[in-house]
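So the structure is just underneath, and the comments pick up after that.
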Amino acid sequence: MPTHSCPPPRYRALLRDREFAGLYAGFTLSVAASTLSGYALGSLVADRTGSPFLTAVSMYGATFATVLGALTLMSVADGTRPRRVLILLHGVSLTALAAQAAPGLPLTGRFALLLVLGFFQSLAAGTRMGLVAEITPPHAYVTARSLMNVTAGGVAALGFAAGALLLRHLTPYQLFTVAAVLTAVGLCVVATTVRERTVRLTRRPGLRATWAANRALFSHPGRRALLLNLWVPGGLIVGCEALFLSYTPAHAGILLAAASAGMLLGDLAVGRLLTAVQRGRSAFALRVVLAAPFLLFAAHPPLPVLTVAVFAAGAGFAATLPLQERLLALTPEAVRGQTQGVDSAGRLTCQGLGAALAGGLAQYGDPGLVVAALAVTSLTVTLASRRAVARAGAGEGEGRPTGGRA
């Protein structure tokens, strides 16, 4: 029976695999540590400088450095032993967080550490997702990605709430220490549960190998179309969400919570309830749902209407799951880790650029109109590239099981 017609496995079934459970636990602890450390740094910078711009950069500026990792060292995700790379990167994070916990470190040093962590973040994502593709059965890959997406969103939301609570009793430096402890636990979990695997890339990893693989990645029209749709529409919608505070300062928290709830529900539904064929058919509709509700912001409707609209739009972010599934099917096994790392870095970078673009435009115009304009642009990209994405889905790898056990 072809696996693409099988119902997706349950999350519980994935977690029975000791190796995946360990990788998942390490990922969860890393997200928690990153959220707490980002909150601590943002609080510290806000207290010292009073600058909203520097505060925002301290919390989200690392996303801009991820693209540098994708352009230079991403071949390491496939060209070295993945377990060693993950343990090494956990060690780098632990060292950086321990340094952030030092009260005497100047802000320039803290921002430098932030960029270092951002640089290696894309490499960690590529290595981890390359392992997920190897560990999970072909038909379970999307379910695994869904579980990790849901976890990342949930842990980030809880992490910010916990950070705010802890800072009532701890200093930012002590919060950095808590993040370092979580990172150390994650390192131990990965080291004791994830087994070493063979090197996928036959060439020596490095700058030349990274550029060669990236050129091959972007020269393929199907992969190029999929990456464009993974990056740009969602990045523009993150820009819309970045204007919630400017649009309605008193109710921004409600809209952000609605967006997060919609994202969680979308990932759960698409990852758990749909087969591969159904996921493929839903990709375009989800990208439309991602942007269309934000058109309402131009009319300034009542808050309950906007809350429902933002919730629905949040579910549209689940379009990344079928698009990532198609991308993996079109990617040679030897560079799957690098491809997924490039995807992660590109999405984070476009989200940062979307937020920066939205903020810049909102200084000269009505935030509601800017939100609607970004939504129109997102829809335009989705509609203009629909045929290219459909050709990517109908070509090599379409309808075949994906996930890493070729």
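Please enumerate the residues belonging to the range 321-331 that are assigned to a helix (DSSP H, G or I) and of a type in the set (S, T, N, Q). Listed by number, the list holds a single entry, Gln324.
The sole residue among Ala358, Ala390, Ala334, Ala318 that is outside any loop (DSSP other than H, G, I, E, B), modelled with pLDDT of 90 or more and of a type in the set (A, V, I, L, M, F, W, C) is Ala318.
Would it be correct to say that Ser75 is modelled with pLDDT under 70 and under 21 Å from the mean Cα position of the chain (by Cα)? So that I can check it myself, show each step before the final result.
Working: modelled with pLDDT under 70: yes; under 21 Å from the mean Cα position of the chain (by Cα): yes.
It is true that Ser75 is modelled with pLDDT under 70 and under 21 Å from the mean Cα position of the chain (by Cα).
For the range 91-115, the set of residues classified as in contact (Cβ under 8 Å) with a residue 60 or more places away in the chain, over 13 Å from Tyr173 (Cα atoms) and not aliphatic (A, V, I, L, M) consists of Gly91, Ser93, listed by residue number.
When restricted to residues that are surrounded by fewer than 19 Cβ atoms within 10 Å (Cβ to Cβ) and of a type outside the set (Gly, Ala, Ser), the range 255-283 contains 9. The condition of being in the same structural domain as Ala191 (by TED's automatic domain parsing), in a helix (DSSP H, G or I) and surrounded by fewer than 19 Cβ atoms within 10 Å (Cβ to Cβ) holds for only one of Val150, Val116, that being Val116.
The values are calculated or read from the model by the stated rules, or taken from the named source; none is laboratory data. Note that this is a predicted model, so its numbers are computed, not measured. Positions of Cβ are backbone-derived with ideal geometry, glycine not excepted, and every protein chain shown enters the neighbour counts.
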